[in-house]
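One structure is given below, encoded as structure tokens.
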Amino acid sequence: MFNSAVELCEVWRGSLKESLHVGHAVVVDSSGSIVKSWGDPEQIFFSRSSSKMIQALPLVSSGAADKFGLSSQHIALACASHNAANIHTVLVEKWLLEIGLSDSDLCCGPQTPRDRDAKIDLFKANLKPCRIHNNCSGKHSGFLTLTKHLRAGANYVSIDHPVQKACLEAYEMTTNEISPGFGIDGCSAPNHAFTLKGIAKAMAWFADANSRSDISSKSAVRIIDAMMRYPELVAGEGRACTELMRAAQGQVALKTGAEGFFVAIIPKKKMGVALKVLDGATRASECVIASILVGLDVLNPANPIVEKYLQPSILNWDGLKTGFIKPLIK
């Protein structure tokens with residue numbers, strides 16, 4: 001894993017290169033062929049939250065989303081790692097209420113909101129964070145909706161639960177691989193391991209969904225359209241997923257994951273991207289995904305928002321620029 005990794009981006013302070021991030025990245029087309037790669041695309045990783053659109057696929061393709069009247073906003077939130085701003089938590093609360101459930105039915109743990117205003121509101125009200133504040137509460141609301149549709153048991157995060165079996169089936173269909181195993185994610189749901197190329201193939205499968213007419217593909221189109229239509233629900237203000245999707249103006253669906261994972265779905269080019277920074281640094285994965293998308297002519301490097309991630313400044317506590325991060329691939 002480490003021997004085959006390549007240098008992805010570097011960190012400068014003054015005239016000295018201070019740090020270096022290494023890893024693997026790959027771009028795949030709709031045929032499953034590699035367009036570009038850096039490092040070893042056959043390395044196996046957990047894609048973490050970057051692949052929530054795959055986990056949302058059974059929610060839509062099963063008919064559960066339509067049965068319970070879910071909108072594009074609900075579907076975008078099912079793919080989210082959100083900030084727990086009001087736009088996120090209010091929608092989750094209403095969603096749970098509409099399916100006859102509540103915060104206590106969520107299996108994800110409580111989490112302090114990333115959104116500053118939401119955090120202050122909780123502090124002022126002397127309240128503790130709830131499960132709806134968990135960044136994965138939208139995904140879990142989707143799991144609960146599918147659970148009700150399937151009339152399955154309450155422990156929907158169990159690896160043997162029908163919801164998780166449906167998720168694994170979606171993973172293996174879109175990656176065209178058999179997962180060698182799984183781990184438990186931060187939100188208590190199973191997270192299946194695949195090759196980096198397999199995850200990129202899954203993203204390319206989503207990117208090319210418009211050319212197919214089966215139920216799963218039509219569902220994929222709805223999911224990607226929802227993400228690109230409501231980028232603020234997929235992450236939140238000040239987040240790379242949200243800001244870069246806005247900058248791309250409907251050309252790409254983006255999703256970050258923990259431990260330096262990032263994916264991109266590019267419908268117009270029918271391509272998928274997956275990358276893994278080996279030290280797990282988000283600052284590196286954001287920089288590298290921006291660089292790859294600039295290289296694919298999906299993002300304009302002159303756009304100030306793109307520049308913010310492509311070559312971000314490093315500021316000290318007094319707001320002084322002390323260095324910058326520079327991508328080494330494109």
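The values are calculated or read from the model by the stated rules, or taken from the named source; none is laboratory data. Everything numeric in this text was worked out from a predicted model, so none of it was measured. Note: ideal-geometry Cβ built from the backbone for every residue, glycine included; neighbour counts use all protein chains shown. Remember, those area values only see protein heavy atoms, side chains included, never the ligands or the DNA or RNA. Shrake-Rupley method; radii C 1.70, N 1.55, O 1.52, S 1.80 Å.
Against the conditions (1) open to solvent by 40 Å² or more (accessible area, probe 1.4 Å); (2) under 12 Å from LEU196 (Cα atoms); (3) not aliphatic (A, V, I, L, M), SER51 satisfies every one except (1). For segment 288-302, the set of residues classified as part of a loop (DSSP other than H, G, I, E, B) and either in contact with a Ser or Thr (Cβ under 8 Å, 6 or more places away or on another chain) or without any contact (Cβ under 8 Å) to a residue 40 or more places away in the chain (or both) consists of ASP297, PRO301, ALA302, listed by residue number. Reported count of residues in segment 303-321, each being part of a strand (DSSP E or B) and open to solvent by 80 Å² or more (accessible area, probe 1.4 Å), is 2.
Considered as a group, the residues in segment 206-227 that are open to solvent by 40 Å² or more (accessible area, probe 1.4 Å) and in a helix (DSSP H, G or I) include one that is nearest to ARG283 (Cα to Cα), and that residue is ASP225. Taken over segment 59-105, the criterion of being surrounded by fewer than 17 Cβ atoms within 10 Å (Cβ to Cβ) and in contact with a strand residue (DSSP E or B) (Cβ under 9 Å, 6 or more places away or on another chain) is satisfied by no residue. Take the conditions (1) touching a helix residue (DSSP H, G or I) at 6+ places or on another chain (Cβ under 8 Å); (2) within 21 Å of PHE262 (Cβ to Cβ); LEU146 misses just one of them, which is (2).
Of the residues making up segment 242-287, those that are in contact (Cβ under 8 Å) with a residue 24 or more places away in the chain, assigned to a loop (DSSP other than H, G, I, E, B) and open to solvent by 10 Å² or more (accessible area, probe 1.4 Å) are GLN251, ALA258, GLU259, PRO267, LYS269, LYS270, LEU278, ASP279, ALA281. Within segment 131-141, can one find any residue that is touching a Phe, Trp or Tyr at 6+ places or on another chain (Cβ under 7 Å) and open to solvent by less than 10 Å² (accessible area, probe 1.4 Å)? Taking every residue of segment 131-141 in turn, at least one turns out to be touching a Phe, Trp or Tyr at 6+ places or on another chain (Cβ under 7 Å) and open to solvent by less than 10 Å² (accessible area, probe 1.4 Å).
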